[in-house]
There are 4 protein chains.
Amino acid sequence: MNDHPAVSLSFRSDNVAPVAPEIMRALEAANHGLAASYGDDEYSALLNRKFSDLFETEVTVFPVSTGTAANALSLATCARPYGAIYCHEDAHINTSEGGATEAFSGGAKLIALAGAHDKLEPATLAAALRRADRGVTNRSQPDAVSIAQASELGTVYALEEIAAIGAIARDAGIRFHMDGARLANALAALGCSASEMTWRRGVDILSFGATKNGAMGTDAIVVFDRELVEPLSYRLRRAGQTWSKMRFAAAQLIAYVENGLFLRLASRANELASRLGRELAAIPDVRLIAPVEANLAFVAMPEPAIEALAAAGVRFARRSSGVIRLVTRFDGTPAEVDQFVALVRRVMG
Amino acid sequence: MNDHPAVSLSFRSDNVAPVAPEIMRALEAANHGLAASYGDDEYSALLNRKFSDLFETEVTVFPVSTGTAANALSLATCARPYGAIYCHEDAHINTSEGGATEAFSGGAKLIALAGAHDKLEPATLAAALRRADRGVTNRSQPDAVSIAQASELGTVYALEEIAAIGAIARDAGIRFHMDGARLANALAALGCSASEMTWRRGVDILSFGATKNGAMGTDAIVVFDRELVEPLSYRLRRAGQTWSKMRFAAAQLIAYVENGLFLRLASRANELASRLGRELAAIPDVRLIAPVEANLAFVAMPEPAIEALAAAGVRFARRSSGVIRLVTRFDGTPAEVDQFVALVRRVMG
Amino acid sequence: MNDHPAVSLSFRSDNVAPVAPEIMRALEAANHGLAASYGDDEYSALLNRKFSDLFETEVTVFPVSTGTAANALSLATCARPYGAIYCHEDAHINTSEGGATEAFSGGAKLIALAGAHDKLEPATLAAALRRADRGVTNRSQPDAVSIAQASELGTVYALEEIAAIGAIARDAGIRFHMDGARLANALAALGCSASEMTWRRGVDILSFGATKNGAMGTDAIVVFDRELVEPLSYRLRRAGQTWSKMRFAAAQLIAYVENGLFLRLASRANELASRLGRELAAIPDVRLIAPVEANLAFVAMPEPAIEALAAAGVRFARRSSGVIRLVTRFDGTPAEVDQFVALVRRVMG
Amino acid sequence: MNDHPAVSLSFRSDNVAPVAPEIMRALEAANHGLAASYGDDEYSALLNRKFSDLFETEVTVFPVSTGTAANALSLATCARPYGAIYCHEDAHINTSEGGATEAFSGGAKLIALAGAHDKLEPATLAAALRRADRGVTNRSQPDAVSIAQASELGTVYALEEIAAIGAIARDAGIRFHMDGARLANALAALGCSASEMTWRRGVDILSFGATKNGAMGTDAIVVFDRELVEPLSYRLRRAGQTWSKMRFAAAQLIAYVENGLFLRLASRANELASRLGRELAAIPDVRLIAPVEANLAFVAMPEPAIEALAAAGVRFARRSSGVIRLVTRFDGTPAEVDQFVALVRRVMG
């Protein structure tokens, strides 16, 4: 019951991958005896300790079923209904969550800003905040900024870029949210610690992705700003995002970070993307439209070549005309990459 | 890492149970190869077929992470923001979901009605609908009725009761939602088919519980009224209730109903509750406050006895003064029941 | 263009009345020259001073177009989306505003409580608060209590009743809202000062009715708790409740309270209702179903008599079978009351 | 009590104006006898007839207290919570209503599009609709387009431009909303009939402005698409936008259109703006940043000159650096315009 023939190549999404074996074993191990429900269990307590260790500060972790839930409920907790949330115009929260943030917040406004390679630029944010008309009752009032690390385009913010945004947010008195659907890929790319990339740069609340990188069906919200914990706990419950058998979400997330598993998985995917990008860029008339820094490559090539790749059974997503998105996964192999590159060479030939 | 000592007895909740072995094996079996995401996979297609077979009609199944999500999103799809939803005053949607239905619907109103043993009585519903002031713009307008089968008190609606409510709903032009957090227990109690207890009695949309009865962390919405499918699919996605790796939710639900597993699991729990109720009722000064029809027993006894049971390490929930709730589980044993009954006899002695 | 024939009697509503002449003159007087918009004008400044004098404390006044807006936006500012608001089950906010409070608050829950003569009883409120399960994330959390002074049934809370509710609210850490759609009638009935009936008894925010008692089309929110001013100002603007030509709303409200006009108007209406109640109660088989304390009388009489009154062209509202509501107005006359009483005598004869 | 000294000049806003004498007289005339409440009165019936005559089709008119209410409630009725609403990026609904549309709709998304002179270009709309990913559940789904006639910049859509947008909307199966806060100014500018500029070009629902052009405090929603009438009537009532003494809103609107008053008032304002624009454009180093087509002129001039004008006591709004907004009113005079132009000449001298 596998919807991809064994011989085919897929760079469609990191969501098509199975569960990492370590995480599946953790689920099995957690499946003994009784455990208190709704997060009052020992796994959930351990989860908070493990993540507090990982982030080198006391954090509260709320497992949720999807990244959309993580983003929208984080931001709804940061923003008043009449608040404004600043983000890149191509941010997932702005384009691909069906208005989830607007809905959960009661009508907060996303202020969508331009920026090269899907990254919000500090100067652009600062300028937008200067135009915000604070205290003017018919204007949505600044409450939060959200960036995606890694971005939708697979680019990664440098630590100083995050720090610059964090400083602007702090000066403006607004909260700083990081959409880390691919956090592990960004961490692996930067080679820094989890704390260096988040709260030490001003991040208040984090959507911590796991499903794209080996978990079964749980992401998490990691809360650094303790004022957000209580209101978020109510919002999650009424959003139907508080599992009764929470131990199984906690067990996945514990295994995910244990012994650096998440970084190893992400590194594998990143390396495949890097190989892919390097090889494709060397082919005449094939062009990367953004630097390959995580596990995504956006590639421009002639439409007939794209058609030929699709006809050959390769799975990938199209973007605008002449551009495709390629996603590498923790369970991918260099051989697949090489096979694909050879195919591209052939169709471009 | 088990928060209940092996020697202790727990009748705290059906949510403290582990995952049924058959379902865990199905998760393992699904963990091979790639699968399309967000429900476009073969498991999800099979899920729809399996449930269509089970319900003897074509249904659409949407796995969700919790019963609160199932209830609130079902009802938000049935009700206009200015709509009214009729339910029992003790319904979970009214007392224990933090206003989820009001929030997801944009302010629809729950009209809470009294009724013996937590069951909504057809005559009470009919009378409430007659008072509804249709067309009067400052009154919330009738849109749906919701009943819980089994109820919060562990009672079960007879088929003719469901039919009577269904007929009233049809005549009133409102939708009929069933909260089946413990649907399997009700089915096992009535010994009828899934179709007889739902759409054949007028149910339009069903919260199909699985987690309390052996699944890991997925319930589902089963849609009979096809008009609800499209709007619900958008509402689920923006609520963060559409898993990317949907195959694992589908696999749980397929295994849950395969070869009647869910009914066997529920029957075990029901039998334990029945044994518990019968034995406790025979103890002087111990009284059941409602008939034991599913896997719940609500028991009145003197406060000192309740204290003594708690002191002995037994886990259970308190209700109003002098009343406790006992929940039996698919993984419980007659020996545990007998051990508990003996303990009650001792503390009452 | 008068939809009531000159000869007919109307006790239908206080909303059918015209504008008091003093208020119409104030509108004319305000209609000269330019004035800043959205409340930055001198009339609005004067309004705040006049009301601060009236209430003997510094208040902020926000004119709004209706009582529903006043109630729902006041309560939405007091309650978190996952909050609970306690009120009488027959409160206007619970029965006659189409779910406005639920909608504007993002899903806060009205906890409807029983109480004689449409008045919330302190002991009932206290008991409900004890059952509130604070800190339990699936329960709506106590945030506010709302009472209507006068009530929907035309009864009036004594000062000590208001004080008792205020004390409970303060101890519970929740806000106290008063729906004063007929505040002037209650003040006239009690003969106390505006401060004695409101903030000195714990009221934090007040829906101040004016339209039913002589204004053209403006009520107001009077804010005693200064923390509510800023969030309310944003909520009002985005609700479309901030008039650009605010001077005309302010002018109405200034005239309404100037030299005690509002109390004189309300006293007239109250006296008519009192006369009506006294005379009707003396007729055999006619019965008041609540004490007549403001400008409303609810009267039980045989259905054939009700039919005969309606057939005679008298305007009134029906309630449950055999009960009618009679409303007196500032522009009514004793002669009308006497004419109606004579008619009732005749149809009862 | 006039907040502008008699000698000063104000081009601050059309909202600083008084009520047109004809409208004030209509209010006085309506203030006799009793009238049914909440729109069941004869004035409201007449209002519907008058506007049906004006628009040469049967319309339903809902008076509301502000343009924000008109826009947000119109759009909330057109869009599903997961819907998308297309508009110009500088539209009032997008920049100056505090997220009202997002809030009332339950989270619909405004898709903000660029366009010269604050006008939405048909080709831009068509391209955006092509990118809309219909049927993809994580994308907000096209439901409506909204244009402002006249625009925020005082420009006016030609009839063929409106028709082009209407045709695109019809083909896309989405509703077409017109924000007519300054509808009369646009009508006066085009010299066409009300029907030619609205439903005959595809407009389904119209925010009909009156307050900026001589009314006291009422705008209206004019509904052409009859399917929208019923849901809108409920939404308005629960939004607190249904006046009890509706006759006074209806009376204003009747007088406003009677004998073409609204067009005469708007023509006066337009002529003043035209004179202002023509004269200012002739001054060296003063530049209009958009054609002056209604009653607004946006003027670029050196900052020191702007400072000097402000220091001289002239009232106006600043936009971006070096740009001011000048608004003319129905009650303005050519002498004021000339006085201002002379002043500009002096400060530019």
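Structure notes:
- C:VAL222 being farther than 18 Å from A:SER140 by Cα and either more than 9 Å from every other protein chain (Cβ to nearest Cβ) or over 20 Å from the mean Cα position of the chain (by Cα) (or both): yes
- Failed item in (1) within 30 Å of A:ARG175 (Cα to Cα); (2) away from chain B (no Cβ under 14 Å); (3) part of a helix (DSSP H, G or I); (4) open to solvent by less than 10 Å² (accessible area, probe 1.4 Å), with A:ALA251 passing the rest: (2)
- The stretch A:34-55 - residue that is open to solvent by 50 Å² or more (accessible area, probe 1.4 Å) and among the acidic types (Asp, Glu) and, of those, nearest to the other protein chains (Cβ to nearest Cβ): A:GLU42
- Residues satisfying the stated conditions in the stretch B:203-228, i.e. polar (S, T, N, Q) and either outside any helix (DSSP H, G or I) or under 17 Å from B:ASN48 (Cβ atoms) (or both): B:SER207, B:THR218
- Among the residues of the stretch C:229-244, those identified as open to solvent by less than 10 Å² (accessible area, probe 1.4 Å) and not in a helix (DSSP H, G or I) are C:ALA239, C:GLY240, C:GLN241.
- Boolean, B:LEU73 is over 28 Å from A:ARG25 (Cβ atoms) and at the interface with chain A (Cβ under 8 Å from one of its Cβ atoms): yes
- Restricting the stretch A:103-156 to residues that are of a type in the set (Lys, Arg) and in contact with a Leu (Cβ under 9 Å, 6 or more places away or on another chain), the residue that is farthest from A:ALA239 (Cα to Cα): A:LYS119
- Some residue of the stretch C:78-99 being farther than 14 Å from C:ILE254 by Cβ, facing chain D (nearest Cβ under 8 Å) and open to solvent by 20 Å² or more (accessible area, probe 1.4 Å): no
- Cross-chain or 6+ apart pairs with Cβ under 8 Å, the stretch C:104-130 first and in contact (Cβ under 8 Å) with a residue 60 or more places away in the chain, then surrounded by fewer than 18 Cβ atoms within 10 Å (Cβ to Cβ): C:HIS117/C:PRO291
- Taken over the stretch C:254-273, residues that are among the polar types (S, T, N, Q) and open to solvent by 50 Å² or more (accessible area, probe 1.4 Å) amount to 1.
- Those residues of the stretch A:181-219 which are within 13 Å of chain B (Cβ to nearest Cβ) and open to solvent by 20 Å² or more (accessible area, probe 1.4 Å), in sequence order: A:ALA181, A:LYS212
- Within the stretch C:292-322, the set of residues being open to solvent by less than 20 Å² (accessible area, probe 1.4 Å), in a strand (DSSP E or B) and closer than 21 Å to D:ALA36 by Cα comprises C:LEU296, C:ALA297, C:PHE298, C:ALA317.
- Count - residues of the stretch D:253-300 that are farther than 15 Å from D:ARG325 by Cβ and in contact with a Gly (Cβ under 8 Å, 6 or more places away or on another chain): 5
- A:GLU58 more than 9 Å from every other protein chain (Cβ to nearest Cβ), in a loop (DSSP other than H, G, I, E, B) and either of a type outside the set (S, T, N, Q) or open to solvent by less than 20 Å² (accessible area, probe 1.4 Å) (or both): yes
- Residue count, the stretch D:169-195 (criterion: charged (D, E, K, R) and within 17 Å of the chain's Cα centre (by Cα)): 2
- Subset of the stretch B:106-139 [open to solvent by 20 Å² or more (accessible area, probe 1.4 Å) and of a type in the set (S, T, N, Q)]: B:THR124, B:THR137
- Each residue in the stretch A:12-44 was checked for being of a type outside the set (Val, Ile, Thr), outside any loop (DSSP other than H, G, I, E, B) and closer than 15 Å to B:LEU34 by Cβ, and 2 of them qualify.
The values are calculated or read from the model by the stated rules, or taken from the named source; none is laboratory data. Please read these numbers as outputs of a predicted model, since none were measured by experiment. Neighbour counts run over all protein chains shown; Cβ positions are idealised from the backbone, glycine included. For accessibility, only protein heavy atoms count, side chains too; no ligands or nucleic acids. Shrake-Rupley method; radii C 1.70, N 1.55, O 1.52, S 1.80 Å.
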